[in-house]
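Scroll down for the structure; my scribbles are underneath it.
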Amino acid sequence: MLRQIIHIDEEKCNGCGLCAKACHEGAIDIVDGKAKLMREHFCDGLGDCLPGCPTGAITFEKREAPAYDEAAVKAAQSAKKAAPSSMMPQMGMGCPGSRLMQLKRTEEPEPQTDNPPMASARPVSQLNQWPCQIKLLPTQAPFYDGAKLLIAADCTAYAYANVHEDFMKGKITLIGCPKLDEGDYSEKLTEIISNNDIKSVTILRMEVPCCGGLQRAAETALKNSGKFLPWQVVTISRDGRILD
């Protein structure tokens, strides 16, 4: 039959898995790093998967396709609920890059030796969650509860040597590049700040003008959230100094 159904442009798809998560009917899978409409008769043509796609890879088209089979969808949903939890997909299913993880950091005791600790001890990562890319992060997750947010331009981690200890420690880190990423971060950042118990926001940017887009998006989100939170902007120079 001729009906409205989704179309996925594989060239645009980055395999983030957000569409598969948004599809309540289970029509979409991630195969070889790309979203695919695997069960056409599960697709109701309403497009819940469209708004979550960060690359605009999903559109509607009208073409020959099997009719939407509501009974088959409900049967699959019932089977999924009845499956053992060990067999269920994790949040952010499909692509490991978008699978949610809260990373627990514990202080490791110093080894007992006869020699004093060396000044060049191995540094420890202070990333407290996965993913960290703004485009891949959900708007709601357990790790946002009571969190201090670090909204950082991705270049800062390379320009400033001690970014983990000085900025990321004890915070939930969101990174992005407004020059390279398509779209505006402000809407998503607004949802994150509005819908979660956020305690403070630090904006970490480079001195270059394009980083102003990240700062503006974060400031817009703070304003639109309607919350009054402590926040600050820290600027890093290209040679790795804190400018303000």
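The values are calculated or read from the model by the stated rules, or taken from the named source; none is laboratory data. Note that the structure is a prediction, hence the values are computed from the model and not measured. Every residue, glycine as well, gets a Cβ built from its backbone with ideal geometry; the counts of neighbours run over all protein chains shown. In case anyone asks, the SASA skips ligands and DNA or RNA and just uses the protein heavy atoms, side chains included. Shrake-Rupley method; radii C 1.70, N 1.55, O 1.52, S 1.80 Å.
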- Task: State the number of residues belonging to region 24-39 that are closer than 16 Å to ALA79 by Cβ and open to solvent by less than 50 Å² (accessible area, probe 1.4 Å).
- Result: 3
- Looking at region 153-163, is at least one residue open to solvent by less than 50 Å² (accessible area, probe 1.4 Å) and under 15 Å from ILE198 (Cα atoms)? no
- Item | Candidate set from region 128-147 (those that are surrounded by fewer than 19 Cβ atoms within 10 Å (Cβ to Cβ) and touching a helix residue (DSSP H, G or I) at 6+ places or on another chain (Cβ under 7 Å)); member that is modelled with the highest pLDDT | THR139
- Within region 211-241, how many residues turn out to be within 15 Å of TYR158 (Cβ to Cβ) and among the hydrophobic types (A, V, I, L, M, F, W, C)? 2
- Does at least one position in region 223-233 carry a residue that is small (Gly, Ala, Ser) and either open to solvent by 20 Å² or more (accessible area, probe 1.4 Å) or not in a loop (DSSP other than H, G, I, E, B) (or both)? yes
- Message: When you scan region 78-85, do you find a residue that is hydroxyl-bearing (Ser, Thr, Tyr) and within 18 Å of LEU136 (Cα to Cα), even just one?
- Response: no
- Message: Out of everything in region 194-205 that is touching a Ser or Thr at 6+ places or on another chain (Cβ under 6 Å) and either outside any helix (DSSP H, G or I) or modelled with pLDDT of 95 or more (or both), what residue ends up being least open to solvent (accessible area, probe 1.4 Å)?
- Response: LEU204
- Give the residues of region 16-49 that are in a loop (DSSP other than H, G, I, E, B), touching a residue at least 12 places away in the same chain (Cβ under 8 Å) and not acidic (Asp, Glu), sorted by residue number. CYS16, GLY17, CYS23, HIS24, GLY26, ALA27, GLY33, ARG39, CYS43, GLY45, GLY47, CYS49
- Item | Residues (open to solvent by 60 Å² or more (accessible area, probe 1.4 Å) and in contact with an Asp or Glu (Cβ under 7 Å, 6 or more places away or on another chain)) located in region 40-74 | HIS41, PRO66, TYR68
- Message: Given the condition open to solvent by 10 Å² or more (accessible area, probe 1.4 Å), out of contact with any strand residue (DSSP E or B) (no Cβ under 9 Å at 6 or more places or on another chain), over 18 Å from PRO54 (Cα atoms) and in a helix (DSSP H, G or I), answer yes or no: does some residue in region 171-193 qualify?
- Response: no
